[in-house]
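Okay, structure first, notes after.
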Amino acid sequence: MRAALTTKDNSLTVTDVPDPVPLDGQLLVRTLACGICGSDLHALADPDGFMETTRRSGGTPYDPRDGLVFGHEFAAEIVAHGPGTERTLPVGTVVCGPPIALGPQGAGIVGYAPMFPGGYGEYMILNEGLAMPVPDGLDPKVAAITEPFSVGARAVRRSGIASGDVAVVLGLGPIGLGVVAQLKARGHGPVIAVDFSPRRRALAEALGADEVIDPAVASPYTRWAEFGVPVTTVDRIAAELFGTTPPGAVVFECVGVPGVLQQVIDGAPAGATVMLVGVCMQPDTVEPGVAASKEITVRGTFGAMPDEYRATLHDIAAGRIDAGSIITGEVGLPGLAQAFTDLADPEHHAKIIVRP
């Protein structure tokens, strides 16, 4: 098959590689569409940091320079069943699913493990039990967006956000946009979306954000009282004494670069929850005393569980989430390397789909 392989010089090359072979409980599928994820860009730009973060998080750190076939945001067509499969989905069924792979080869994430090549190649192997049929009428390229938007579903779920709480989403890449979409699909508001890019802010508005802020013009942290959120611990005590239940605040940090977390801790109101959605792989300096004094909860989130993926797929198919609105380009394998470069400009692209 044709596939884009990572190389020792931190780039991609398109070449012929052997077709993957499905083993017990696995399917051979033909890739129809695959989104380019920011994680792939980070893995090539900082492979050592990527491996170190993976290792320290309990994963198996395969070197991103060792001829991997990236691509974990996919939709594909079943072309063959491996041994031991139940064959509940016939050949020709279009499927997508969480990029988790298990089998005799071991376990790993599709696209980041050498035994499970991803969607930047013509064929992949998937676990039959994790392959979900794409609802009739849903374009495979839109179905591929289920993966990043399901990350948003998990972030919202883990945040514990309550009805009426104020949500601030910092960083409107595909994951941040997914958080906005999931919040609005679940009836939360106000949702305030923050990004320097006018185009990204416009995408957030299209997905239902109640307000958008350019942080170069205005701070997202100056309006808590306007929304009825107690700003200080004294304000919270006063609310309790008077028997009121004011809204809380949840900040979704979807930027993932050093310095942002401390800015959020400084700007968030007392008692806020801060969700670490963006993955910062560099050392960062945080002042725990400020977070402790303000009783701020900092909570991590990563990926999505199969039920969150399935629910997101159904929301997209039902029109509750307009995932296709973030797609800004399509390329074949020959255009993949240039697409990696193009994604560095937020005014040019948000999500590029690869069609191998």
Original post:
When you scan segment 181-200, how many residues do you find that are over 19 Å from the mean Cα position of the chain (by Cα), assigned to a loop (DSSP other than H, G, I, E, B) and within 24 Å of A344 (Cα to Cα)?
Top reply: 1
Original post:
Residues that are under 19 Å from the mean Cα position of the chain (by Cα): which helices (runs of 4 or more DSSP H) entirely in segment 239-356 hold 1 or more of them?
Top reply: 260-267, 306-317, 336-342
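Of the residues T341, T328, T312, only one is at pLDDT below 95 and not assigned by TED's automatic domain parsing to the domain that holds E226; which?
On the way: T328 fails: at pLDDT below 95; T312 fails: at pLDDT below 95.
Answer to the check: T341.
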Original post:
Under 6 Å by Cβ, and 6 or more places apart or on different chains, what pairs join a residue from segment 45-69 that is over 20 Å from G303 (Cβ atoms) with one that is among the β-branched types (V, I, T)?
Top reply: R65/T6
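Can you pull out the residues in segment 221-244 that are of a type in the set (D, E, K, R), under 20 Å from H188 (Cα atoms) and surrounded by 11 or more Cβ atoms within 10 Å (Cβ to Cβ)? First the steps, then the outcome.
Applying the first criterion (of a type in the set (D, E, K, R)) to segment 221-244 yields 223, 226, 235-236, 240.
Checking the rest, the ones that are also under 20 Å from H188 (Cα atoms) come to 223, 226.
Passing the criteria: only R223.
Residue-by-condition table, conditions (1) surrounded by fewer than 16 Cβ atoms within 10 Å (Cβ to Cβ); (2) closer than 30 Å to A43 by Cα; (3) at pLDDT below 95; (4) assigned by TED's automatic domain parsing to the domain that holds S197:
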position: E211; (1), (2), (3), (4): no, no, no, yes
position: V217; (1), (2), (3), (4): yes, no, no, yes
position: V277; (1), (2), (3), (4): no, yes, no, yes
position: P288; (1), (2), (3), (4): yes, yes, no, yes
position: K294; (1), (2), (3), (4): no, no, no, yes
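Would you say V251 is surrounded by 12 or more Cβ atoms within 10 Å (Cβ to Cβ) and out of contact with any Asp or Glu (no Cβ under 8 Å at 6 or more places or on another chain)? Before you say what the answer is, go through the steps one by one.
On the way: surrounded by 12 or more Cβ atoms within 10 Å (Cβ to Cβ): yes; out of contact with any Asp or Glu (no Cβ under 8 Å at 6 or more places or on another chain): yes.
Taking the combined requirement at face value, the residue satisfies it.
Going by the structure shown, is L177 touching a helix residue (DSSP H, G or I) at 6+ places or on another chain (Cβ under 6 Å), under 30 Å from P246 (Cβ atoms) and part of a helix (DSSP H, G or I)?
Values: touching a helix residue (DSSP H, G or I) at 6+ places or on another chain (Cβ under 6 Å): yes; under 30 Å from P246 (Cβ atoms): yes; part of a helix (DSSP H, G or I): yes.
Judged against the criteria, L177 is a match.
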**OP:** Kindly provide the set of residues from segment 192-219 that are under 24 Å from V290 (Cβ atoms) and either touching an Asp or Glu at 6+ places or on another chain (Cβ under 9 Å) or aromatic (F, W, Y) (or both), ordered by number.
**Re:** I192, V194, I213, P215
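Could we say that L203 is in contact (Cβ under 8 Å) with a residue 40 or more places away in the chain and not in a strand (DSSP E or B) here?
So L203 fits the description; yes.
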**OP:** Say whether the condition of being part of a helix (DSSP H, G or I) and buried (at least 23 other Cβ atoms within 10 Å of the Cβ) is met by at least one residue in segment 160-171.
**Re:** no
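The values are calculated or read from the model by the stated rules, or taken from the named source; none is laboratory data. What you are looking at is a predicted structure, and each value in this text was computed from that prediction instead of being measured. Counting neighbours? That spans all protein chains shown, and the Cβs are built from the backbone with ideal geometry, glycine included.
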